[in-house]
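Each value in this text was obtained by applying a stated rule to the coordinates, not by laboratory testing. Here the structure is a predicted model, which means the values were calculated and not measured. Note: ideal-geometry Cβ built from the backbone for every residue, glycine included; neighbour counts use all protein chains shown.
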Amino acid sequence: MSVKKTIYSKLKAALEPIYLDVVNESHMHRGPATESHFKVIIVSEHFVGQRLLLRHRLINELLKFELAEQIHALALHTYTEEEWQKQQAIPSSPACSKK
């Protein structure tokens, strides 16, 4: 299974998201275009009452193997349904140098 599919499957099973998008951004970074850089946009009621840091810790724990072995960078955009309704746009990821 690809890293992208693994991330998607683990987050979907654990957090029952209303919305989930896993974007492979590896092509925007230096080195071979592999599965090493990702952006996750996730909306889940599991985040209600949780500060941003706790949301990120939860996801990092769910993906600890992938973060240790496969993922170099992981941008997380975590929302409750109410926060998602107010969201104007998904934040863009910075372009890295491809030297």
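Given the rule -39500 (n - 2.57) for each run of at least 4 DSSP H residues, summed and divided by the residues of the chain, what is its mean residue ellipticity at 222 nm, to the nearest 500 deg cm²/dmol?
Values: 4 runs with 36 residues, N = 99.
The helix-only estimate for the chain comes to -10500 deg cm²/dmol at 222 nm.
What is the total of Lys pairs in the chain with C-alpha atoms under 26 Å apart, excluding same-chain pairs fewer than 8 positions apart?
17
Which whole-percent values make up P(r) of the chain when all C-alpha to C-alpha distances are grouped in 5 Å steps starting at zero?
All Cα pairs, binned at 5 Å, distribute as 2, 12, 25, 24, 19, 11, 5, 1, 0 percent.
How do E45, E66 rank when sorted from fewest to most other Cβ atoms within 10 Å of their own Cβ? Could you put the intermediate results ahead of the total?
Details: E45 13, E66 17.
With the sparsest Cβ surroundings first, the list reads E45, E66.
If you place +1 on the Cβ of every Lys and Arg and -1 on the Cβ of every Asp and Glu, how big does the dipole about the Cα centre of region 3-86 come out, in debye to the nearest 20? List each step's numbers first, then the result.
Details: 11 positive and 11 negative charges, 41 e Å.
Charge dipole of region 3-86: 200 debye, to the nearest 20.
Got the relative contact order for the chain handy, in percent, Cα pairs under 8 Å and 6 or more residues apart? Write out the running numbers ahead of the final one.
On the way: 135 pairs, mean separation 31.4, N = 99.
Relative contact order comes out at 32 percent.
Just want the answer: with Cβ charges of +1 for Lys and Arg and -1 for Asp and Glu, which residue in I71, P17, F38 is farthest toward the dipole's positive end in region 3-86?
It is I71, whose Cα lies furthest towards the positive end.
I'd like the orientation of helix 3-15 relative to the chain: the angle between its Cα long axis and the longest Cα principal axis, in ° from 0 to 90, rounded to 10.
The helix 3-15 is inclined about 10 degrees to the chain.
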